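Student: Here you go, one structure.
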Amino acid sequence: MQMMAAKESVEFLTRETELSKSSVEQIETLKSQFLMHLQVLLTEVYEKKSQIVQEISQVPQVVAQEKESVKPEAQQPTDNSPQQQVEPAPTAGGQLIADDYIKQGEALYLAGNYEEALACFEKAILLNNNIDEAWYWRGNVLIKLERPEEGLACFDRAISLKPERYEFWYNKANLLGRLQRYEEALLSYEKACEIAPDNYAVWHNRAAFLGKLQRYQEAIACYECALAIKDTDSEIWHNRGAMLGKIQQYAEAVASYDRALEINPNRYETWYNRGNMLWRLLRYADAVVSYDRAIAIQSDKYEVWYNRGAVLARMHCYQEAIESYEKAIAIKPNDFELWHNRGVVFEKCRSTKQQLLPTNKQLILKATAMKRGLAKANP
């Protein structure tokens, strides 16, 4: 009962911690939005003050013109002319300057000068806080500056101004994914897919997040939508193969990896994953060939040597299996399973190599000691 009470207390504290963390994040977001709105308000006050000062400074000149004028009809346009000429200028000029700041900020962003780019986008917003592009780019910069919650608020602002822009939803979804808010990310991806159904990247990313949520069938369907738009992207075929493997459709997964390799035959992960699928299909010789291709591209991955050794052992190719395990041990000497499996292979070939039995015993003892944390591997 005490353990159950303690468990309930821990769960309560965990929920409280999560709620506190969420509250802090919301406060930071509100703080950022408040500061931005305060800056915009101050800018509007200063602009209004400047306009009033300018109008006041023109009063003596207007009065003087009225006194000097002889013809009464010349006085009639003076009531309207100053305001008609001055009033539209700040709006048109301000918009032009804001666009210039946005272009300058984009160039700085692409050059990696994020702090300077942020200053440009904020100047644009201060001049006109209803420009969706300025809020969108400010969000992108804030992500680079590791200020994701503020970036998310910027994307929301951009979406509120122009919800039909798919890239706003797309980047918001990517950011939510980085924050591990996968369900919310999927909702944003769905909006992006509705707006731009012919954009394969949106379907591709949406499929990846469905995979993270273990919704593999839906992920495969999204990958197929992406392939219907662009079937020359090896990454999509590769990821589709991985999802098919998750639902144990190994033959279809191999076919998907084969398509990926037709486009890009130099990717180590694709050959490695293909080998794993062939192993599950009991096509051991083909699996070894696939592992060999992966090793030819990247030979410092212990897991390839490890799986290659396991498959060779199943084929009764014990000497080759031992050599493969030794390669894996050279890369990762502190993995007790490698030492243990190598010892097991020695045991299996004892009928032809009796002199290796003492070595086998040493290997098993060493693996057991490593597992218990009593000794360190010393290959």
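Student: Is it the case that some residue within the range 277-299 is under 25 Å from the mean Cα position of the chain (by Cα) and closer than 30 Å to Cys225 by Cα?
Tutor: There is no residue in the range 277-299 that is under 25 Å from the mean Cα position of the chain (by Cα) and closer than 30 Å to Cys225 by Cα.
Okay, residues lined up against (1) over 30 Å from Glu320 (Cβ atoms); (2) modelled with pLDDT of 95 or more; (3) in contact with a helix residue (DSSP H, G or I) (Cβ under 7 Å, 6 or more places away or on another chain); (4) buried (at least 18 other Cβ atoms within 10 Å of the Cβ):
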position	(1), (2), (3), (4)
Asn239	yes, yes, yes, yes
Tyr250	no, yes, yes, yes
Val254	no, yes, yes, yes
Asp258	no, yes, no, no
Arg274	no, yes, yes, yes
Met277	no, yes, yes, yes
Val288	no, yes, yes, yes
Asp292	no, yes, no, no
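Matching residues to (1) of a type outside the set (Val, Ile, Thr); (2) crowded, with 19+ Cβ neighbours inside 10 Å; (3) within 16 Å of Arg178 (Cβ to Cβ):
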{"site": "Ile102", "(1), (2), (3)": "no, yes, no"}
{"site": "Gly105", "(1), (2), (3)": "yes, yes, no"}
{"site": "Tyr109", "(1), (2), (3)": "yes, yes, no"}
{"site": "Gly112", "(1), (2), (3)": "yes, no, no"}
{"site": "Leu126", "(1), (2), (3)": "yes, yes, no"}
{"site": "Asn130", "(1), (2), (3)": "yes, no, no"}
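Student: Still on this structure: Tell me yes or no: at least one residue of the range 196-205 is under 25 Å from Ser234 (Cα atoms), polar (S, T, N, Q), surrounded by 19 or more Cβ atoms within 10 Å (Cβ to Cβ) and out of contact with any Leu (no Cβ under 9 Å at 6 or more places or on another chain).
Tutor: Yes - at least one qualifying residue is present in the range 196-205.
Student: With respect to Leu187, determine if the residue is in contact with a helix residue (DSSP H, G or I) (Cβ under 6 Å, 6 or more places away or on another chain) and hydrophobic (A, V, I, L, M, F, W, C).
Tutor: For Leu187, the condition - in contact with a helix residue (DSSP H, G or I) (Cβ under 6 Å, 6 or more places away or on another chain) and hydrophobic (A, V, I, L, M, F, W, C) - is not met.
Student: Under 7 Å between Cβ atoms, which residue pairs at least 6 apart in sequence (or on different chains) link something in the range 151-164 that is within 15 Å of Ile195 (Cα to Cα) with a partner that is assigned to a helix (DSSP H, G or I) and among the acidic types (Asp, Glu)?
Tutor: Lys162/Asp132
Student: Can you confirm whether Asp300 is of a type in the set (Asp, Glu), without any contact (Cβ under 8 Å) to a residue 60 or more places away in the chain, out of contact with any Leu (no Cβ under 6 Å at 6 or more places or on another chain) and not in a helix (DSSP H, G or I)?
Tutor: yes
Student: Every residue in the range 293-321 that is polar (S, T, N, Q) and either over 15 Å from Trp271 (Cβ atoms) or touching a Cys at 6+ places or on another chain (Cβ under 8 Å) (or both), please.
Tutor: Answer for the range 293-321, where residues must be polar (S, T, N, Q) and either over 15 Å from Trp271 (Cβ atoms) or touching a Cys at 6+ places or on another chain (Cβ under 8 Å) (or both): just Gln319.
Student: Residues to consider are Gln248, Gln180; find the one that is of a type in the set (S, T, N, Q), within 30 Å of Tyr284 (Cβ to Cβ) and out of contact with any Gly (no Cβ under 9 Å at 6 or more places or on another chain).
Tutor: Just one listed residue meets the conditions, Gln248.
Student: Please determine, by comparing only the residues of the range 302-331 that are buried (at least 16 other Cβ atoms within 10 Å of the Cβ) and either more than 19 Å from Ala287 (Cβ to Cβ) or at pLDDT below 85 (or both), which one is nearest to the chain's Cα centre (by Cα).
Tutor: Once the filter is applied, the top-ranked residue is Ile331.
Student: Could you give every pair whose Cβ atoms fall below 6 Å, whose first residue belongs to the range 323-344 and is in contact (Cβ under 8 Å) with a residue 40 or more places away in the chain, and whose second residue is crowded, with 23+ Cβ neighbours inside 10 Å, counting only separations of at least 6 or pairs across chains?
Tutor: Short answer, once both residue conditions are applied: Ile329/Leu338.
The values are calculated or read from the model by the stated rules, or taken from the named source; none is laboratory data. Because the structure is a prediction, the values reported are computed rather than measured. A quick note on method: Cβ atoms are made from the backbone with ideal geometry, for glycine too, and the neighbour counts reach across all protein chains shown.
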